[in-house]
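What follows is a single structure, written as structure tokens, with notes after it.
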Amino acid sequence: MSAVADTHTQEHHHGPAKGISRWLLTTNHKDIGTMYLVFSFAMFLLGGCMAMVIRAELFQPGLQIVQPEFFNQMTTMHGLIMVFGAVMPAFVGLANWMLPLMIGAPDMALPRMNNWSFWLLPCAFLILVSTLFMEGGAPNFGWTFYAPLSTTYGPPSTTFFIFAVHIMGISSIMGAINVIATILNLRAPGMTLMKMPLFVWTWLITAFLLIAVMPVLAGVVTMMLMDINFGTSFFDASGGGDPVLFQHVFWFFGHPEVYIMILPAFGAVSHIIPAFSRKPLFGYASMVYAVGAIALLSFIVWAHHMFTVGVPLAGQLFFMYATMLIAVPTGVKVFNWVATMFRGSLSFEAPMLFAVAFVILFTIGGFSGLMLAIAPSDFQYHDTYFVVAHFHYVLVPGAIFGIFASAYFWLPKWTGHMYDETLAKTHFWLSFIGMNLAFFPMHFLGLAGMPRRIPDYALQFADFNMVSSVGAFMFGATQLLFLFIVVKCVRGGKAAEAKPWDGAEGLEWTVPSPAPYHTFATPPEVK
Amino acid sequence: MADHQTYYVPEQSKWPIIATVGLGVTLYGVASIMVKSGQGESTTGAWVMFFIGALIMAYMLFGWFGNVIRESREGLYSPQMDRSFRWGMSWFIFSEVMFFAAFFGALFYVRMFAVPWLGGEGDRGSSAMLWDGFQATWPLINNPNPEAYPAPESVIGPWGLPLVNTILLVTSSFTITVAHHALKAGNRQKIKIWMIATIVLALGFLILQAEEYMHAYQELNLTLQSGIYGSTFFMLTGFHGAHVTLGTLMLVIMLIRVIKGHFTADHHFGFEAAAWYWHFVDVVWLGLFIFVYIL
Amino acid sequence: MRVHAKRAGALVGGLMLPTLSMADWTVNMTPGVTGTSNEIFSLHMTILWICVVIGVVVFGVMFWSIFAHRKSQGHKPANFHENTVVEILWTIIPFVILVVMAIPATATLVDMYDTSEADVDIKITGYQWKWQYEYLDEEFGYFSNLATPPDQINNRQNKGENYLLEVDNPLIVPVGKKIRLLLTANDVIHSWWVPDFGVKKDAIPGFINEAWTRVDEPGIYRGQCTELCGKNHGFMPVVVKAVPEAEYNTWVAEQKAAAEKERELTQKDWTMAELMARGEKSYQTNCAACHQPDGSGAPPAFPALKGSPIATGDMAAHIDIVVHGKSGTAMQAFGGQLSEVDLAAIITFERNAWGNNTGDMVTPKQIFDYKNQQ
């Protein structure tokens, strides 16, 4: 190309700008990745505080700490913040940091739009959290915001909530477009699709899911907005609409959303387990096909969240069979991970501990998912603590342990220092025990008949609730240790080599640690 | 993969953060207008906020796109960059398709399931015992509760204005294609004529659509509040209308850029993106014409 | 300091005592008392054991690797990384297990959906936050409210045995009869669940969902609302009492007679004191959940009645809002829910309680006329 382009590329070789403008104006995928990760952790703590309020109220029967109105606001905000503020941004942060490094690209495909995608998130959550201070309080209808509780009977702040969701949607869609464009267009020469690292594959499919379903979420909140402010009757039977219509559209978004929160973790774990087993991933191709199959099936199973709403029998059967099918590709993934470990040379540093716990506990969440798929049984499980146990098992040791595993795995690359292994192992064991203590008894509570989203409960549920609260406090407090470990690692520690893990594979380990501000200005050749 | 030119990574940019502030202020303003007017409070402050936000957004759009156009004309964009833009625009249009899919899904659901159930048919037909005297028909010109949702007197038939609008939009899809061929052939004069033709057709569509809305509101009592028929009708056509407006603006800007001589025969992605968007809007209209007006 | 610590200790001990004395570590689903609930229970146990077996095999292999193939014990890694036969096997085997599992699940589901040929039809309507039961063949109905006193909920009183699972008027059903339930709601979505019956169905405003049950053992069965329905979602239990048929028939006759008597009461001449006494009671049952026992409300969703323009101003407007509700808000139309006597009593009470000393009184007859002139 011309001389103009050359002078521009040379300018890129100086480091980051100084001060706050580095972060506000940046176009650098590493800066943006860092901002996503920091934001996500802040939201994790905020959503976690709300969980602590919930568990404190549920420590004993009777109303002690908060009133039911506020309790409902806490469950709603906890769910929304954890899903849209903690888990999703954490994976986008990992994608920002790692995708260009893994495929040998100089940056994300559309760097300025990348920065906009990030900054929209704090903006959306500022609006969402501000609803807590509005007249009538924050949204109090659960993170699934079923109409008409969220329309005719919702608080005035619902309109602000709707626009916050719109902004999050714009952010996610642009982020996903960026990921797809980067993966499809910026791979190093020689890196064919079937040579891509699995984290890249899972993110490609996740991005496709995001673009397909975030607009549907925007559509359903827009219909809510119209029902609330412009007198339409989408969700009101007296005008010919149907409250269940809301649930169909919502879960058409909601079920793929569940996989959006877990597929990138599948990808990351598929790097970490081989690295610490010192053995290549078993069944790479079948892993890719399994992720694809899960993603496609995720579009035709949504009504399994709605088995009790009165879906006609034929629909009920269809959604039951389709849901059961998801167990097949998910099983393939678990079997492949186990086969990767089998006859390896295993060591258990923090990333591996989290990854192994991921496989075990996510599988337990998968088992309860399979149980929930059996429609007749679901009539007993639905909207009880069994469901709460199920989705916390797939999200906490699933998504969140996947994020911790990734963080420890790549921290040396990001910071140039090794983290404190002893502290990290402590973090793991306390999280592991706390998390199981918090969520395992919820299975029993649900089976014994405790409904979800209640601030007070009958006496026979008292014991397990107390155990669960103790576990939750333990898990919550432990996460401050993670903050300490990361800050310590950023500030110093043993210098990390370019490839600190002897079994790790991939382009990201060919650049020095910490990764220079600009990497792969010239793409590497992949054989 | 023959081309491994240096990929252009832009310097720091102020536009994303300005866009964030602009969008946040605009939407917070819109939400405040809705909430305050719902509670019967003064909305002046909220309107001021909305306008400030909208101004920031307008400034940002001119600035950001201006930046991109300048960089493109300086030759900073390699063919690889061009492909990134193409992927970006294609997936953006796909996201729009899914946005419309949500509303079409709502329309199909109420027609196939909700309304017949309320009228006594099918698996949840016992619901009819809650709604004495309700007849399930489509178009729904009586509502389960006519006091809450007064029914429209009649609805808009497909073979009047909607047919004319269909012809206008389909024709405009042809004229934009002719303009595109002219661009590839490097015939400036021809491009201008055909683009102007496209824009005139688009404006014609919008005027007729406004006419149709006035007719519906003033003479047919077909409004947003007239039950699920009005809800789906205005949601789908209104949302489409907003997209036509946006598409028309894009075409106008492309016309200005053509006049300024921004495009060359083999380097004109801005124009193509607008044309893709225009075709998408056209296809959505065909879906609307069939499922909202005819069936 | 030590005194404080002791006090805190005593407080914690005292708070935990009732919990510990009631220790209940139930870990599994109840088989229940109906055919459906037993079928569900056996499906539940089957799929649970399938999961346990798969888990033991998979985790067994994994833990064996974790213990035997450690680097610290000098284990050298193998280098295999694919095997098509194995991949096909572990795709097909789970699939076959799922097909086997789907067969009984389908049969149970088909049975659960068959609401035909019922002996008794009961319409169940969910309200914020109570249930209404209407016996369609017998033409009477009533409301079922939480009976746990607020003092127990707010820890000012020891909690009773059926804390939060007790109501004033349970649903009464005959044993051995097929009962068809027609579920709907008046405001938001609720969900009616009795675990012992294996029946859970959403009550959706404007639509009717059907479910059925046949209870074979007499007894009292307890459940709860399972769809988040607002503030008091946790406080609207379901209690069903299954009784022998003869007892059921007697009860139905009594209910019909009582309904008749209630209609007669409308014509009676009521005194202010009588209305106030009945009004206070009805207010606490029907209105206090939102407007609070002391009329202070919970603005903005639930306005205060104490000193409010409605409760101290024009009487006609007050009657109108209670009878017809206010659309677009949580204020329901109570005209169809309560008897004329209760409506008159509540309105009279609201206009004279908490310092709203208007001295106004409205009689059941006036309410009756008001409703009929519409």
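Only the coordinates and a few stated rules stand behind these numbers; no lab work does. Bear in mind the structure is a predicted one, so any value in this text is a computation, not a measurement. Here Cβ is always computed from backbone atoms with ideal geometry, including for glycine, and neighbour counts include all displayed protein chains.
Quick notes
- Here the calculated FRET efficiency for C:Lys365 and B:Glu147, from their Cβ-Cβ distance with R0 = 35 Å, stands at 0.80, rounded to the nearest 0.05.
- Global size of the protein assembly as shown as Cα Rg and Dmax, reported in angstrom: 31.9, 102
- The magnitude of the dipole of the range C:35-169, with charges of +1 and -1 set on the Cβ of Lys/Arg and Asp/Glu and taken from the Cα centre, is near 1580 debye.
- Between the range A:424-460 and the range C:98-126, the Cα center-to-center distance that results, in Å: 31 Å
- Across B:Lys260, B:Lys192, B:Lys36, mean-square fluctuation computed from a Gaussian network of chain B (C-alpha pairs under 10 Å connected) peaks at B:Lys36.
- With both labels modelled 7 Å from their Cα along Cα-to-Cβ, the C:Phe80 to A:Gln64 distance reads 5.5 nm.
- Within a straight-line Cα-Cα reach of under 20 Å, A:Lys425 can be paired with the following aspartates and glutamates, leaving aside sequence neighbours fewer than 8 residues apart in one chain: A:Glu349, A:Asp502.
- Principal-axis tilt of helix C:2-21 within chain C, Cα atoms, nearest 10 degrees: 80 degrees
- Dimensionless Rg over Rh [the range A:471-517; C-alpha; Kirkwood]: 1.15
- FRET efficiency, 1/(1 + (r/R0)^6) with R0 22 Å, evaluated for A:Ser21 and B:Asn67 via beta carbons: 0.80
- Gap separating the Cα centres of the range A:81-110 and the range A:320-364, nearest whole Å: 23 Å
- Charge-dipole axis of the range A:93-242 as Lys and Arg at +1 and Asp and Glu at -1 on Cβ define it, positive-most pick from A:Gly231, A:Val179, A:Ala124: A:Val179
- Amide H contacts of C:Lys200: none lie under 5 Å away among residues 5 or more positions distant or on a separate chain (H built 1.01 Å from N in the peptide plane; Pro and chain starts excluded).
- Only the Cβ atoms of Lys and Arg (+1) and of Asp and Glu (-1) were treated as charged; on that basis the dipole of chain C about its Cα centre amounts to roughly 1940 debye.
- Computed on chain A, with alpha-carbon pairs under 8 angstrom and 6+ residues apart, the relative contact order is 18 percent.
- What you get for the protein assembly as shown, charging only the Cβ of Lys and Arg (+1) and of Asp and Glu (-1), is a dipole of about 4500 debye around the Cα centre.
- Of the DSSP H helices in chain A, those with a Cα length along their own long axis of 27 Å or more and a mean Kyte-Doolittle hydropathy reaching -1.0 comprise A:29-57, A:111-130, A:158-185, A:198-229, A:313-341, A:350-373, A:421-448, A:462-491.
- Note on the range B:1-77: Cα convex hull, mean projected area over all directions, 6.9 nm².
- Taking the inverse of the mean reciprocal distance over all distinct Cα pairs, the Kirkwood hydrodynamic radius of the range A:379-527 comes to 17.9 Å.
- FRET efficiency, 1/(1 + (r/R0)^6) with R0 51 Å, evaluated for A:Leu423 and B:Met112 via beta carbons: 0.30
- Across C:Lys130/C:Lys178; C:Lys177/C:Lys365; C:Lys178/C:Lys281; C:Lys159/C:Lys281, pairs whose alpha-carbon gap is larger than 32 Å: C:Lys177/C:Lys365; C:Lys178/C:Lys281
- Ordering B:His215, B:Gly133, B:Leu203 by the projection of their Cα atoms onto the charge dipole of the range B:80-294, which places +1 on the Cβ of Lys and Arg and -1 on the Cβ of Asp and Glu, puts B:Leu203 at the extreme positive end.
- Of B:Ala114, B:Ala148, B:Ala197, the one that fluctuates the most in a GNM where chain B has Cα springs shorter than 10 Å: B:Ala148
- Our summary of shape: the Cα atoms of the range A:389-475 have principal axis extents of 53, 20, 18 Å, ordered from largest down, in whole angstrom.
- Scaled to the globular estimate 2.2 N^0.38 Å, the Cα spread of chain A, given as radius of gyration, is 0.96.
- Fluctuation leader among C:Ala211, C:Ala78, C:Ala298 - chain C, Gaussian network, Cα springs under 10 angstrom: C:Ala78
- Note on A:Leu313 and C:Thr329: their simple-model spin labels are 4.6 nm apart, each label 7 Å out from Cα toward Cβ.
- Average projected area [Cα convex hull, the range C:35-112], square nanometres: 6.9 nm²
- Think of chain C as a dipole: +1 on every Lys or Arg Cβ, -1 on every Asp or Glu Cβ, centred on the Cα centre; then among C:Leu343, C:Thr84, C:Ala246, C:Thr84 lies furthest on the positive end.
- Here each label is just a point 7 Å from Cα along the line to Cβ, and for C:Arg70 and B:Met214 those points are 8.4 nm apart.
- Diffusion constant of chain C at 25 °C, which comes from Stokes-Einstein with the Kirkwood Cα-pair radius and 0.890 mPa s, µm²/s: 98 µm²/s
- Rounded tilt (10° steps) of B:188-215 against the dominant C-alpha axis of chain B: 20 degrees
- For the range A:334-401: relative contact order, % (alpha-carbon pairs under 8 angstrom, 6 or more apart): 41 percent
- Over the range C:120-260, the alpha carbon radius of gyration divided by the compact-protein estimate 2.2 N^0.38 Å works out to 1.03.
- Helix axis angle, C:35-68 relative to chain C longest principal axis, alpha carbon, degrees: 40 degrees
- Value of relative contact order over the range A:368-460, rounded to a whole percent, pairs C-alpha under 8 Å and six or more apart: 48 percent
- The count of lysine pairs in chain B with alpha-carbon distances below 17 Å, taking only pairs 8 or more places apart or on different chains, stands at 4.
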